[in-house]
Amino acid sequence: MATAVQKRGNGQVQSAAAEAATRQVFMPLADVFETDESFVVTAEMPGVAADAIEVEVEGDVLRLHGRTSFAVPDGYRLIHGEYADGDYERVLALPDSVDAERITAAFSNGLLRIELPKAESARTRRIPLRAES
Amino acid sequence: MLLSDFGRFGPAPLGFDPLAEMRRMQRDINRLFGDFAAPEPEALPALNVWAGDSTLVVTAELPGTAPEAVDVTVREDLLTIRGEAATSDAPEQARWHLRERRGGPFSRTIRLPFRVDPDKVRARFDNGVLGIELERPEQDKPKRIPVKSS
C-alpha cells in the first residue's frame, strides 16, 4: 500500500485513464441503524472534500463515492505507513420502505451521514394498550 | 480501548515495527474482504509519517472527530496524539444493521526519527485527517561541510 502512495508522488504525469486505473478504492467503514422514523447511514471518508462526494440512489441501491484530493507533499517521502490514501466506494441495498424523495446527506470532518426517512406507511406505530378493568 | 503502542511495547521505533506492519497488512486484507474478515485489532488512529530534510509530517485518520477533542503533545523525539474519536449518535433504542465504525478514547505515542522543536509544531484538521508538521531544532540540523580541494 505504501509503495502505491509513493508511486503517485514520483512526479510522473499520467494520462487520465492510467491514473484512474492506479487509484486505489477502499470500502469506507460504515454504520447503519434504524429508528422508528428512519434509517441512518454513516460512512468514514477521511481526506475527501465535501464537493468530491457523490451519493446516488437508483432503485433500491444506495451508492456512496468519495474522491480523495490527497497529494504527496513536495520533497517528502513516506517513512512509516499504516494507511493508504485512495477513493471510497460503497454500495448498500435499501429497504423498500425508504422514501427516496426525502433522503438527506451531510458531510463534516470526513464523515458522511445520510438520513433515509421511512415512507409513511412503513413507520412503526406504537399502539397504546388500554387497560381494561 | 486498545492498548497504546507506548503502554505495551514502548514507543515503536520508526522503520522497524513488525507489529505495525502486521496491523497494516491485516487492515488491507480487511478492506479487501470487507465484512468477511475478523475485526481489525490495530491501534487507533492509523498514522502515516512523511520525512523531509529537517521536517516531518505526521497524518492521522480521525473521521468525524472534532478538532477540540484531540490533544497533540511533543517531548524530545516522542509525539503523542490522544483524544476522543467520534462515536455514533444512534439513540439507545436504535436497531443496528451494520456496525463497523469504532470510536472512543485513544492515545498513541510514536518515536520520531529525530528530536523536534516543541515550539515549531503545527497541527491542523482537514476533512477528518489530522496533519502535524514538526521541525528539527535549529542546532540539531545537519550541517553541510564544504570539502575543499587542496
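Taken one residue at a time, the phi angles of region B:121-136 give Karplus couplings (6.51, -1.76, 1.60, θ = phi - 60°) of 8, 10, 10, 8, 10, 9, 6, x, 10, 7, x, 10, 9, 10, 9, 5 Hz. Gly and Pro are set to x. Between A:Val61 and B:Arg99, the C-beta separation translates, for a Förster distance of 22 Å, into a calculated FRET efficiency of about 0.55. As a calculated quantity, the FRET efficiency between A:Glu37 and A:Val91 at R0 = 22 Å, using C-beta atoms, amounts to about 0.35. Per-residue Cβ neighbour counts within 10 Å put B:Trp96, B:Trp50 in the sequence B:Trp96, B:Trp50, beginning with the fewest. The modelled label-to-label distance for the pair B:Ser150/B:Leu78, using points 7 Å beyond Cα in the direction of Cβ, is 4.8 nm.
Per-residue 3J(HN,Hα) values for region B:87-98, derived from phi via the Karplus relation 6.51 cos²θ - 1.76 cosθ + 1.60 with θ = phi - 60°, read 10, 5, 9, 5, x, 4, 8, 5, 9, 8, 10, 8 Hz in sequence order (x marks Gly and Pro). Counting every other Cβ atom within 10 Å of each residue's Cβ, B:Lys148, B:Lys120 order from fewest to most as B:Lys148, B:Lys120.
Fully extending the segment from A:Ala131 to A:Ile79 would add 11.7 nm, taking 0.36 nm per residue of separation and subtracting the current Cα-Cα distance. The H on the amide N of B:Thr65, modeled in the peptide plane, is under 5 Å from the matching H of B:Ala86, each at least 5 residues off or on a different chain. Between A:Ala105 and A:Glu120, the modelled labels are 2.7 nm apart [label points 7 Å from Cα along Cα→Cβ].
Shielding by partners for peptide B:50-56, expressed as the average number of C-beta atoms from other protein chains within 10 Å of each residue's C-beta, is 4.
Just so you know, all these numbers are worked out from the coordinates, no wet-lab data involved. Owing to the predicted nature of the structure, the values given are computational and were not obtained by experimental measurement. Note: ideal-geometry Cβ built from the backbone for every residue, glycine included; neighbour counts use all protein chains shown.
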